[in-house]
Amino acid sequence: VQLQASGGGLVQAGGVLRLSCATSGRRFSNYVMAWFRQAPGKEREFVAAISSSGGRTDYGDSVKGRFTISRDSAMNTMYLQMNSLKPEDTAGYYCASRPVATMVRHRSGYYYWGQGTQVTVSS
């Protein structure tokens, strides 16, 4: 499984961005998918996860109510809609997947990772 994140950029506080994670491999629909982020000097932080069916989602407390995770199995793509962006959202954003049904928040639970896309929010 290969993951390719895109959609990052520079935006002002209060703005919006939509990240995409394109995947290869036939088993995308069977995998739990997630987004993590990492700011310089900080540990990689859980952002959101979505079940294989798309019916269940989970969000980190710092993004709940502002970010929305979704997936399109026909397109083998996962998305992260980010609204009301804040300077503290500035980080490299990474997509990840795990080939089991349970959703977890710790990065060690994810087997496959994309290369990351940078999001910078100016104040």
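The values are calculated or read from the model by the stated rules, or taken from the named source; none is laboratory data. Keep in mind that what you see is a predicted model, and the values were worked out from it rather than measured. Reconstructed Cβ throughout: ideal geometry from the backbone, glycine too, with neighbour counts over all protein chains shown. Surface accessibility is based on the protein's heavy atoms, side chains included, excluding ligands, DNA and RNA. Shrake-Rupley method; radii C 1.70, N 1.55, O 1.52, S 1.80 Å.
Within region 43-55, can you find the residues that are assigned to a strand (DSSP E or B) and either open to solvent by 40 Å² or more (accessible area, probe 1.4 Å) or at pLDDT below 95 (or both)?
The answer is GLU45, and nothing else.
Condition check ((1) within 20 Å of ARG105 (Cβ to Cβ); (2) of a type in the set (A, V, I, L, M); (3) open to solvent by 20 Å² or more (accessible area, probe 1.4 Å)) across all residues:
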{"residue": "GLN12", "(1), (2), (3)": "no, no, yes"}
{"residue": "LEU17", "(1), (2), (3)": "no, yes, yes"}
{"residue": "GLY25", "(1), (2), (3)": "no, no, yes"}
{"residue": "MET33", "(1), (2), (3)": "yes, yes, no"}
{"residue": "ARG37", "(1), (2), (3)": "yes, no, no"}
{"residue": "GLY41", "(1), (2), (3)": "no, no, yes"}
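In region 56-83, what count of residues is obtained for those that are within 18 Å of ARG105 (Cβ to Cβ) and part of a loop (DSSP other than H, G, I, E, B)? Spell out the reasoning first.
Applying the first criterion (within 18 Å of ARG105 (Cβ to Cβ)) to region 56-83 yields 56-69, 71, 78, 80.
Among the residues that remain, those that are also part of a loop (DSSP other than H, G, I, E, B) are: 56, 60-66.
Result for region 56-83: 8.
Under the condition of being of a type in the set (A, V, I, L, M, F, W, C) and part of a strand (DSSP E or B), which residue from region 85-123 is surrounded by the fewest Cβ atoms within 10 Å (Cβ to Cβ)?
Out of the qualifying residues, it is TRP113.
Taking the condition basic (Lys, Arg) and free of Cβ contacts under 8 Å to residues at least 60 places away in the same chain, does LYS86 pass? It would help to see each step written out before you state the result.
Working: basic (Lys, Arg): yes; free of Cβ contacts under 8 Å to residues at least 60 places away in the same chain: no.
No: the conditions fail for LYS86.
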